[in-house]
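Below: the structure, in C-alpha cells.
The values are calculated or read from the model by the stated rules, or taken from the named source; none is laboratory data. Since the model is a prediction, treat every value here as computed from it, not as a measurement. No Cβ is skipped: glycine too gets one built from the backbone with ideal geometry, and neighbour counts run over all protein chains shown. Calculation scope for accessible area: heavy atoms of the full protein, side chains included, ligands and nucleic acids excluded. Shrake-Rupley method; radii C 1.70, N 1.55, O 1.52, S 1.80 Å.
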Amino acid sequence: MRIALLVLIFLLVVLGVMFISNIAANRSAVRGRLNEVKGNSLVTSAGASLRRDHVAQGWQKLADSVERAGISLVDTRGEGLRVKLIAAGYTSPVAPKIFTLLRLLLLFALPAIYVTFAYLGETRPSAGLLYLIGVGLAVVGLYLPNLWISAKADRRRTEIINGFPDCLDLMLVCVEAGLGIEAAFDRVGREMVGSHPQVSQLLSMVTLELRAGSTREEALRNLADRSQVDEIRSFSTLLIQSDKLGSSVGETLRVYAAEMRERRRMRAEEKAHRLPVLLSIPLVVCMLPVMIGVLMLPAVIRVLREIVPNLAGG
C-alpha cells in the first residue's frame, strides 16, 4: 500500500511538472511574438502587469471565499501590517488578507506534511516527539511569512537607496534640458527600467497619478508612503517646499543629488572599513590556534623527551 501511494505521488508530480512546463513554454512563445511586434521593454512590463493582476485577482477570490466560509482574515495590527507590506512592495489592498491566509495555511500545512511522512515511514516516532516537532513546525509556519516580508522589505529598501542617486542625476539633466518635473519623472522612470526597476516603478506610479489628476503634492506624498525610505521622503518634502516657495527645482535637485552621492560614498566606505573587523574573526578562530600549535609543538616535544623521563627517574 505504501509503495502504491509513493508511486501515485510520483506520477502526480511528474504530470504536474509536465503541465506547468507546457504552460510556461506556450507563454514564453507568445511573449516572444509580442516582443517582436511591439518591442522588449514596453511589452515585458505590460505582460508582467497583466500577469500580476491575474494572480492578484485569483488570490482575492480565494481570500473572499475563505471569509465567506466564516474565517476572518482581518489582522489586529492592520495598519502596521499594511505599512510593512507596502515597504516590501505589496501595494494591493487585498495584500494583508492574503498574508494572513498564507500564515494560516503554513500553520496547519507544515505539521500535517510532517505527520504524513512520519506515518508513511518505516519507524514511527513517539507521540511526544511528534507533538514537539509539530508544534515547532507550526511556530515556523506562523513566523516564516514575517521573516520573508522583512527580508524582502530590506532588500527593496537597499535597491531603492542604491539607485536613487542615479535617478536624481538623470532628473537633474532632464530639468536642466528644459523638461518639467512631471515629464522628468516620466522620462527617468522609462530610462531606469533595466538598471533600477524599483526606482522606475515608483517614478512611473507618480507619473500615472499626475496624469490621473492628482496634485503634485499629493503624488509626492504618496511616493514617500510607497517607498518607506527616508531619503525619498526627504526628497518629496524638499520638492513640495520648493514648489510652494517658488525656488529653483534644478538647484534643489543639484544640491540634493550631491548629498545623495556623498551618502552613497560614505556607505561604501563604511562597508570597506568593516571588512578588517569581519576578517579578524575567521583569522582568530581558524589561523591563530594553528600558529600557536606550530610554534609550541617543538617545545612540547622537547619537554616530553627530556624533562618528563628525568622527573620519572628514568
Problem set entry | the range 12-29, residues that are open to solvent by 90 Å² or more (accessible area, probe 1.4 Å) and either on the phi > 0 side of the Ramachandran plot or among the hydrophobic types (A, V, I, L, M, F, W, C) (or both) | LEU12, LEU15, MET18, PHE19, ILE20
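If you take the residues in the range 208-221 that are in a helix (DSSP H, G or I) and closer than 19 Å to GLN241 by Cα, which one is most open to solvent (accessible area, probe 1.4 Å)? Write out each step before concluding.
First, pick out the residues of the range 208-221 that are in a helix (DSSP H, G or I): 208-212, 216-221.
Retained after the next criterion (residues that are closer than 19 Å to GLN241 by Cα): 210, 216-221.
Details: LEU210: 35, ARG216: 76, GLU217: 68, GLU218: 93, ALA219: 1, LEU220: 3, ARG221: 120 Å².
The selected residue is ARG221.
May I ask you to verify whether VAL255 is modelled with pLDDT under 85, surrounded by 15 or more Cβ atoms within 10 Å (Cβ to Cβ) and of a type in the set (Val, Ile, Thr)? Working first, answer last.
Details: modelled with pLDDT under 85: yes; surrounded by 15 or more Cβ atoms within 10 Å (Cβ to Cβ): no; of a type in the set (Val, Ile, Thr): yes.
Against the criterion (modelled with pLDDT under 85, surrounded by 15 or more Cβ atoms within 10 Å (Cβ to Cβ) and of a type in the set (Val, Ile, Thr)), VAL255 does not qualify.
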Exercise. Would you call ALA112 free of Cβ contacts under 8 Å to residues at least 24 places away in the same chain, more than 22 Å from LEU5 (Cβ to Cβ), open to solvent by 40 Å² or more (accessible area, probe 1.4 Å) and assigned to a helix (DSSP H, G or I)?
Worked result: no
Seminar exercise, completed: Only one of SER247, SER234, SER204 is out of contact with any Leu (no Cβ under 7 Å at 6 or more places or on another chain) and not in a helix (DSSP H, G or I), namely SER247
For this session: Considering each of LEU170, LEU129 in turn, give the residue that is open to solvent by 70 Å² or more (accessible area, probe 1.4 Å), of a type outside the set (Gly, Ala, Ser) and touching an Asp or Glu at 6+ places or on another chain (Cβ under 7 Å).
Result: LEU170
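Restricting attention to the range 140-163, and to residues there that are among the hydrophobic types (A, V, I, L, M, F, W, C) and surrounded by 13 or more Cβ atoms within 10 Å (Cβ to Cβ), which single residue is nearest to ARG263 (Cα to Cα)? So that I can check it myself, show each step before the final result.
Of all residues in the range 140-163, those among the hydrophobic types (A, V, I, L, M, F, W, C) come to 140, 142, 144, 147-149, 151, 153, 160-161.
This time we only want the ones that are surrounded by 13 or more Cβ atoms within 10 Å (Cβ to Cβ), so: 140, 142, 144, 148-149, 153, 160-161.
Values: VAL140: 38, LEU142: 38, LEU144: 33, TRP148: 28, ILE149: 26, ALA153: 20, ILE160: 13, ILE161: 10 Å.
That would be ILE161.
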Exercise. Which members of the range 115-126 meet the condition of being in a helix (DSSP H, G or I) and either touching a residue at least 60 places away in the same chain (Cβ under 8 Å) or surrounded by 15 or more Cβ atoms within 10 Å (Cβ to Cβ) (or both)?
Worked result: VAL115, ALA118, LEU120
Problem set entry | Lone unmet requirement of (1) of a type in the set (Val, Ile, Thr); (2) open to solvent by 40 Å² or more (accessible area, probe 1.4 Å); (3) within 30 Å of VAL255 (Cβ to Cβ) for VAL135 | (3)
Problem set entry | Filtered residues of the range 101-125 (kept if of a type outside the set (A, V, I, L, M, F, W, C) and modelled with pLDDT of 80 or more) | ARG103, PRO111, TYR114, THR116
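What residue, among those in the range 73-88 that are modelled with pLDDT of 75 or more and buried (at least 17 other Cβ atoms within 10 Å of the Cβ), is farthest from GLN228 (Cα to Cα)? Step through it out loud before you land on a result.
Pass one, the range 73-88, residues modelled with pLDDT of 75 or more: 80-88.
Narrowing further to those that are buried (at least 17 other Cβ atoms within 10 Å of the Cβ): 81-82, 84-88.
Details: LEU81: 13, ARG82: 12, LYS84: 9, LEU85: 10, ILE86: 8, ALA87: 6, ALA88: 9 Å.
Looking at the filtered set, the residue picked out is LEU81.
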Exercise. Which of (1) open to solvent by 40 Å² or more (accessible area, probe 1.4 Å); (2) among the charged types (D, E, K, R); (3) within 30 Å of MET205 (Cα to Cα) is the odd one out, the single condition ARG103 does not satisfy?
Worked result: (1)
For this session: Name the residue, out of SER234, SER195, SER204, that is open to solvent by 20 Å² or more (accessible area, probe 1.4 Å), touching a Gly at 6+ places or on another chain (Cβ under 6 Å) and either free of Cβ contacts under 8 Å to residues at least 12 places away in the same chain or within 27 Å of LEU85 (Cβ to Cβ) (or both).
Result: SER204
Problem set entry | Condition check for GLY293: assigned to a loop (DSSP other than H, G, I, E, B) and either at pLDDT below 85 or open to solvent by less than 70 Å² (accessible area, probe 1.4 Å) (or both) | no
